[in-house]
Amino acid sequence: MSAGGAEEDIPLGERKTVTDFCYLLDKSKQLFNGLRDLPQYGHKQWQSYFGRTFDVYTKLWKFQQQHRQVLDNRYGLKRWQIGEIASKIGQLYYHYYLRTSETSYLNEAFSFYSAIRQRSYYSQVSKEDRPELVVKKLRYYARYIVVCLLLNKMDLVKELVKDLSDEIEDYTHRFNTEDQLEWNLVLQEVAAFIEADPVMVLNDDNAVVITSNRLAEGGVPQLEQGMIVGQLTLADALIIGNCNNQVKFSELTIDMFRMLQALEREPVNLATQMNKPGTLESSEKPTKRENPHKYLLYKPTFSQLYTFLSASFKELPANSVLLIYLSATGIFPTGRSDYEGPYDFGGVLTNSNRDVLNGETVHKRNQSHKEMHCLHPGDLYPFTRKPLFVIVDSSNSVAYKNFTNLFGQPLVCLLSPTAYPKSMQDQSQRGSLFTLFLYNPLMAFLHTCGLSSMRRGLWDKCQDYLRKVYRDVGQLITRARSIDQAFLQFFGDEFLRLLLIRFVFCSATLRLHKIFRETRNYPETYPQLPKEDTIENPLVQKHILELASMLDVQNLFFNSTIDDY
């Protein structure tokens with residue numbers, strides 16, 4: 001029978017089903033590919049396109065569910081093709097999370113990725129002699145791992161890494177491919193990433209307890225009645241990672257990974273999970289955007305960084321704050337000039353595809369010229385026309401001490417130590433101690449004391465004690481008479497309040513610690529905090545010594561202050 005005759009044997013309704021499915025499949029692929037062309041910055045340009053893409057994928061997903069039998073018989077629908085649709089929906093939700101910073105969409109991405117594995121959609125791929133299909137499966141695993149890392153599902157990450165390792169071994173054994181080294185590098189990166197935390201919390205069975213460090217309900221000290229603080233809200237954040245040799249996975253360094261969680265609330269499940277994938281109706285959206293919007297920039301060039309910074313600045317709502325977090329290699333000035341201005345202290349590295357050799361910039365210019373691939377303090381001056389909160393974690397963070405507040409808007413810079421004692425330097429690949437304090441102060445405190453594991457009961461007890469410390473530090477900041485008003489302007493926002501409190505705790509801890517003896521071992525701020533009211537306050541020092549006593553490490557701290565208090 002001719003092909004035409006075979007086609008005529010198919011009932012009209014079934015033929016229409018196949019035609020409709022092919023149309024939806026082509027349309028979905030076309031829209032999905034078009035996502036790459038959307039601008040990565042700006043809040044508005046992409047939303048309608050994302051909405052259309054979600055709508056088509058929702059129809060496609062429901063359609064294949066309702067007509068599975070016909071599509072199996074007449075179209076030859078394979079399970080890996082269903083997996084591919086589910087994987088694309090998972091990617092859509094993940095990218096929607098990246099665009100909106102709404103952690104709820106991570107749960108949605110997880111539900112689709114999880115279903116693919118539970119229902120073994122990709123299990124038959126290995127029977128087909130098509131390496132490109134196996135690569136789709138490997139990429140699915142890599143994306144699933146990223147989502148699990150962001151949701152702190154570390155036990156599942158370890159399972160997925162083992163699965164991925166087996167799949168890569170099978171793939172490289174069956175096909176003589178050129179990308180074997182790349183996939184092995186992916187495995188090495190994720191293995192290093194999950195080992196990056198310097199302290200393990202253990203339960204009674206010696207199993208590792210996973211602790212989340214996003215902002216939980218009641219996780220930040222409340223403002224007391226009568227506290228005079230600003231009404232500013234953190235609306236936008238640029239999280240920039242450009243450290244040489246730091247653990248990374250999927251364009252996220254460990255410092256970026258930690259800071260992005262410090263700027264998010266605990267995720268909640270959206271009311272409708274698997275039954276209505278991606279419809280994004282108004283009832284599904286949270287009533288207000290709980291988290292500040294974030295841009296994650298891994299090793300950006302100067303022009304990329306400035307483009308995103310300008311977009312954030314332009315779209316910043318009234319009474320809002322822009323936060324810039326810089327975790328980057330320091331760039332130091334090459335010569336001395338008579339006039340020391342905002343371009344004479346160096347800054348932090350921006351990426352360049354040339355002139356960088358083993359992390360050290362090759363200087364081919366006249367010594368009087370400034371470093372070009374560097375974000376100088378002066379580069380941020382135009383953006384101080386609006387409230388700006390800057391965190392610099394770098395070996396040249398002190399360059400940003402030389403700010404001038406030209407426009408009278410609230411401006412604060414939190415600056416990391418520029419050097420650490422030898423015992424701490426060895427750990428720098430696993431992330432910066434300063435960022436660790438801003439993300440998980442108790443883990444950072446234990447790390448400075450050389451403790452690598454702790455029982456769950458004692459961990460919880462110390463966390464309870466830290467809540468009391470935070471409350472007292474918060475009161476000291478708001479009651480300090482000589483404090484710069486910029487700190488109080490930012491103190492009304494919960495995320496910024498917690499960062500400021502954790503900064504004071506970090507600074508006070510390192511000043512009391514016996515191995516942190518040099519001035520460059522201590523963090524600094526612009527403008528300066530009044531030391532006697534905050535980082536050198538006897539009450540804060542007493543709390544730190546009490547915490548050290550609970551951990552039986554008081555011998556590591558100078559404790560004459562406890563007698564004076």
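The values are calculated or read from the model by the stated rules, or taken from the named source; none is laboratory data. These figures come from a predicted structure and were not determined experimentally. No Cβ is skipped: glycine too gets one built from the backbone with ideal geometry, and neighbour counts run over all protein chains shown. SASA here: full protein model, heavy atoms, side chains in, ligands and nucleic acids out. Shrake-Rupley method; radii C 1.70, N 1.55, O 1.52, S 1.80 Å.
Being open to solvent by 10 Å² or more (accessible area, probe 1.4 Å), closer than 30 Å to residue 436 by Cβ, more than 17 Å from the chain's Cα centre (by Cα) and among the β-branched types (Val, Ile, Thr) is the requirement here; does residue 209 meet it?
The answer is yes for residue 209.
Could you pull out the residue among 482, 432, 397 that is open to solvent by less than 10 Å² (accessible area, probe 1.4 Å) and under 30 Å from residue 344 (Cβ atoms)? Working first, answer last.
On the way: 482 fails: open to solvent by less than 10 Å² (accessible area, probe 1.4 Å); 432 fails: open to solvent by less than 10 Å² (accessible area, probe 1.4 Å).
Result: 397 is the single residue among 482, 432, 397 that is open to solvent by less than 10 Å² (accessible area, probe 1.4 Å) and under 30 Å from residue 344 (Cβ atoms).
Would you check which residues across the stretch 426-448 are in contact with a His (Cβ under 9 Å, 6 or more places away or on another chain), of a type in the set (A, V, I, L, M, F, W, C) and either modelled with pLDDT under 95 or over 16 Å from residue 516 (Cα atoms) (or both) and list them?
436
How many residues are in contact (Cβ under 8 Å) with a residue 40 or more places away in the chain and over 16 Å from the mean Cα position of the chain (by Cα) when one looks only at the stretch 80-106?
Residues in the stretch 80-106 being in contact (Cβ under 8 Å) with a residue 40 or more places away in the chain and over 16 Å from the mean Cα position of the chain (by Cα): 11 in total.
Against the condition open to solvent by 40 Å² or more (accessible area, probe 1.4 Å), among the charged types (D, E, K, R) and assigned to a helix (DSSP H, G or I), how does residue 166 come out, does it pass?
yes
Does the stretch 238-252 hold any residues that are under 21 Å from residue 311 (Cα atoms) and among the β-branched types (Val, Ile, Thr), and which are they?
239, 240
Going residue by residue through the stretch 529-540, is there one that turns out to be open to solvent by 10 Å² or more (accessible area, probe 1.4 Å), of a type in the set (A, V, I, L, M, F, W, C) and over 30 Å from residue 403 (Cα atoms)?
Yes.
Which of the residues spanning the stretch 43-57 are open to solvent by less than 20 Å² (accessible area, probe 1.4 Å) and more than 16 Å from residue 26 (Cβ to Cβ)?
Passing the criteria: 46, 50, 54.
Only one of 25, 31, 38 is modelled with pLDDT under 90 and over 30 Å from residue 213 (Cβ atoms); which?
That would be 38, the only listed residue that is modelled with pLDDT under 90 and over 30 Å from residue 213 (Cβ atoms).
For the stretch 437-453, check the following and say yes or no: at least one residue is assigned to a strand (DSSP E or B) and among the small types (Gly, Ala, Ser).
Checked against the condition, which is being assigned to a strand (DSSP E or B) and among the small types (Gly, Ala, Ser), the stretch 437-453 yields at least one hit.
Quick one: is residue 114 open to solvent by less than 80 Å² (accessible area, probe 1.4 Å), under 27 Å from the mean Cα position of the chain (by Cα) and touching a residue at least 40 places away in the same chain (Cβ under 8 Å)?
Criteria not met by residue 114.
Has the stretch 67-79 got at least one residue that is under 32 Å from the mean Cα position of the chain (by Cα) and either surrounded by fewer than 19 Cβ atoms within 10 Å (Cβ to Cβ) or hydrophobic (A, V, I, L, M, F, W, C) (or both)?
no
One line per residue, one yes/no per condition, for (1) touching a helix residue (DSSP H, G or I) at 6+ places or on another chain (Cβ under 6 Å); (2) open to solvent by less than 20 Å² (accessible area, probe 1.4 Å); (3) without any contact (Cβ under 8 Å) to a residue 40 or more places away in the chain:
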site	(1), (2), (3)
456	no, no, no
459	no, yes, no
478	no, no, no
508	yes, yes, yes
518	no, no, no
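For the stretch 128-159, give me each residue that is in a helix (DSSP H, G or I), more than 19 Å from the chain's Cα centre (by Cα) and of a type in the set (D, E, K, R).
132, 136, 137, 139, 155, 158, 159
Being exposed (fewer than 15 other Cβ atoms within 10 Å of the Cβ) and either modelled with pLDDT of 95 or more or outside any helix (DSSP H, G or I) (or both) is the filter here; which residues of the stretch 1-18 pass it?
Of everything in the stretch 1-18, those that are exposed (fewer than 15 other Cβ atoms within 10 Å of the Cβ) and either modelled with pLDDT of 95 or more or outside any helix (DSSP H, G or I) (or both) turn out to be 1, 2, 11.
Looking only at residues that are hydrophobic (A, V, I, L, M, F, W, C), in a helix (DSSP H, G or I) and more than 16 Å from residue 211 (Cβ to Cβ) in the stretch 460-481, which one is farthest from the chain's Cα centre (by Cα)? So that I can check it myself, show each step before the final result.
Here is the first cut: in the stretch 460-481, the ones hydrophobic (A, V, I, L, M, F, W, C) are 462, 466, 469, 473, 476-477, 480.
Among the residues that remain, those that are also in a helix (DSSP H, G or I) are: 462, 466, 469, 473, 476-477.
Subsequent filtering for residues that are more than 16 Å from residue 211 (Cβ to Cβ) retains 469, 473, 476-477.
On the way: 469: 26, 473: 26, 476: 30, 477: 28 Å.
The residue in question is 476.
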